[in-house]
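**Q** Dropping a structure here in C-alpha cells format, bear with me for questions.
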Amino acid sequence: MIWDVHTHLAGSGEKTPEESIARLIVAADRMGIDRLVVFMGDPWSYDPSPADLTRQNDQVLKALDHWHHRAFGFVYVSVNHVEASLREIDRCVRDGPMVGLKLWVAGRCDSPEADALVLHAQGLKALVFQHTWIKAQGNLPGESTPMDLATLASRHPEASLVCGHVGGQWELGVRAVRSASNVAVDLGGVDATAGIVEAAVRELGAERVLYGSDAPGRSFATQLAKVHGADISEADRRLVLGENLRRLLRPILQAKGIEA
C-alpha cells in the first residue's frame, strides 16, 4: 500500500483540473501508488487573496469529483486571511470532501494567526500540512522553517501536523521537529539523496515519516526511490509508504464515513 501525502494539480501541463489529476493517476498507476493527497490549484500564488484561495480549492474539488476513490483533498488556507480561511475549511472540509489543510508561504506558521486555523482543523480531526524550508540564502518572506512548525506544534500538542519537505535541509529539519511528537515529516520534493529516510527514521521513529513526492514538480519514481532504496526494515518501509498516512487520516475518514 502506497499513499502519497504531497501532490499538486499545477505543473501537469494540462488545461483543466480533471485532466491534471487524470494525468497524475496514470503516472501513479505505473508506480503502484494507491492514493494521492492533492492540494493547491493552477496557477498557484505565494500570497493568495481570499478569492484566489476559493478558486484554487474549487479546482481541487473538481478533481475529486472524478477521483474521490483514489485521491484526498487538502484545503488551501492562509494565515494572512484567517476569517476567509476558516470559511474555506468549513466549505471544503466540514461540509465537503476534503480531509486536511495546506499552508504554504504567505505567512510563517508560528504566527498567532495560525492558531485559529489549527484549532479548527483539530476540531474536525483534519491533518495540517505545512510547507517548510531552510534556505542558505534566506527564505521567502513568510516562508516557514521546521523550527517555526515546532513552535506551532508546542502550542497545539493534540493537533496532527506534517512538516513538508523535511525542511529542505533535512539534516536540520528532522532534528528541529524531533521533540514535537505530534509532527510527522514529508519526504517529498527534495533530491533523492542517500540517507534521508534513514535519518528521519532514526531521529523520529518510522511512525512519524511519510512518503510524499511533490509531483508533478518531482517524479513519483525518484521520490519513491528514496524509500525503496533506504536501509530500513520492511516493516518500517510499509509504515513510511502508506500505513502512517492512513493512520493519521483515519479519524477524519471514519468521521466522514469514508472507507480506506
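**Q** Could you check D186 against (1) over 21 Å from L36 (Cβ atoms); (2) of a type outside the set (S, T, Y); (3) buried (at least 23 other Cβ atoms within 10 Å of the Cβ) and say which number it fails?
**A** Tallying (1) over 21 Å from L36 (Cβ atoms); (2) of a type outside the set (S, T, Y); (3) buried (at least 23 other Cβ atoms within 10 Å of the Cβ), D186 fails exactly one: (1).
**Q** Moving to a separate point now. Can you tell me which condition T54 does not meet? The list is (1) in a helix (DSSP H, G or I); (2) under 25 Å from M1 (Cβ atoms), and all the others hold.
**A** (2)
**Q** Here's something else I'd like to know. For the subset of the stretch 140-190 comprising residues that are among the acidic types (D, E) and out of contact with any Cys (no Cβ under 7 Å at 6 or more places or on another chain), which member is modelled with the lowest pLDDT?
**A** Of the residues in the stretch 140-190, the ones among the acidic types (D, E) are 143, 148, 158, 171, 186.
The next check asks that each one be out of contact with any Cys (no Cβ under 7 Å at 6 or more places or on another chain); those that pass are 143, 158, 171.
Details: E143: 98, E158: 97, E171: 94.
Checked the stretch 140-190; the qualifying residue modelled with the lowest pLDDT is E171.
**Q** Go through the residues of the stretch 58-66 one by one and say whether even a single one is touching a strand residue (DSSP E or B) at 6+ places or on another chain (Cβ under 7 Å), of a type in the set (G, A, S) and closer than 28 Å to V240 by Cα.
**A** Within the stretch 58-66, one or more residues are touching a strand residue (DSSP E or B) at 6+ places or on another chain (Cβ under 7 Å), of a type in the set (G, A, S) and closer than 28 Å to V240 by Cα.
**Q** Which one of these is in a helix (DSSP H, G or I), within 20 Å of S20 (Cα to Cα) and touching a residue at least 24 places away in the same chain (Cβ under 8 Å): K62, K102?
**A** Only one candidate passes the filter, namely K62.
**Q** Filter the stretch 209-242 down to residues that are buried (at least 18 other Cβ atoms within 10 Å of the Cβ) and of a type in the set (D, E), then give me how many there are.
**A** Qualifying residue count, the stretch 209-242: 2.
**Q** Please identify the pairs in which a residue from the stretch 240-260 that is outside any helix (DSSP H, G or I) has its Cβ atom under 9 Å from the Cβ atom of a residue that is surrounded by fewer than 18 Cβ atoms within 10 Å (Cβ to Cβ) and not aliphatic (A, V, I, L, M), counting only partners at least 6 apart or on another chain.
**A** Between residues of the stretch 240-260 that are outside any helix (DSSP H, G or I) and residues that are surrounded by fewer than 18 Cβ atoms within 10 Å (Cβ to Cβ) and not aliphatic (A, V, I, L, M), the close pairs are I258/H68; I258/P97; A260/R246; A260/R250.
**Q** Let me ask you something else. I want to confirm something. Restricting to the stretch 230-239 and keeping residues that are small (G, A, S) and outside any helix (DSSP H, G or I), which single residue is nearest to V37 (Cα to Cα)?
**A** That would be A230.
**Q** Test L24 against the criterion of being aliphatic (A, V, I, L, M), within 19 Å of F129 (Cα to Cα) and either modelled with pLDDT of 95 or more or touching a strand residue (DSSP E or B) at 6+ places or on another chain (Cβ under 8 Å) (or both), and give yes or no. Show your work before the answer.
**A** Details: aliphatic (A, V, I, L, M): yes; within 19 Å of F129 (Cα to Cα): no; either modelled with pLDDT of 95 or more or touching a strand residue (DSSP E or B) at 6+ places or on another chain (Cβ under 8 Å) (or both): yes.
Spelling it out, it is not the case that L24 is aliphatic (A, V, I, L, M), within 19 Å of F129 (Cα to Cα) and either modelled with pLDDT of 95 or more or touching a strand residue (DSSP E or B) at 6+ places or on another chain (Cβ under 8 Å) (or both).
**Q** To continue, here is another question. Identify all residues within the stretch 76-85 that are surrounded by fewer than 21 Cβ atoms within 10 Å (Cβ to Cβ), not β-branched (V, I, T) and not in a loop (DSSP other than H, G, I, E, B); write none if there are none.
**A** Within the stretch 76-85, E83, A84 meet the criteria.
**Q** Looking at (1) within 15 Å of V79 (Cα to Cα); (2) modelled with pLDDT under 95, find the lone condition where A136 falls short.
**A** (1)
**Q** Now for a separate question. Suppose we keep only residues that are hydroxyl-bearing (S, T, Y) and not in a helix (DSSP H, G or I) within the stretch 1-41. Which one would you say is surrounded by the most Cβ atoms within 10 Å (Cβ to Cβ)?
**A** Ranking the qualifying residues of the stretch 1-41, first place goes to T7.
The rows are residues; the columns are (1) under 14 Å from the mean Cα position of the chain (by Cα); (2) of a type in the set (A, V, I, L, M, F, W, C); (3) within 17 Å of Q223 (Cβ to Cβ).
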position: L127; (1), (2), (3): yes, yes, no
position: M147; (1), (2), (3): no, yes, no
position: A153; (1), (2), (3): no, yes, no
position: H156; (1), (2), (3): no, no, no
position: V185; (1), (2), (3): yes, yes, yes
position: I196; (1), (2), (3): no, yes, yes
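**Q** Right, here's the next one. Could you figure out which of (1) among the small types (G, A, S); (2) part of a helix (DSSP H, G or I); (3) within 15 Å of the chain's Cα centre (by Cα) isn't true of G73?
**A** The failed condition is (2).
The values are calculated or read from the model by the stated rules, or taken from the named source; none is laboratory data. Bear in mind that the values here come from a model prediction, so they are computed numbers and not experimental data. Virtual Cβ from ideal backbone geometry, glycine too; neighbours counted across all protein chains shown.
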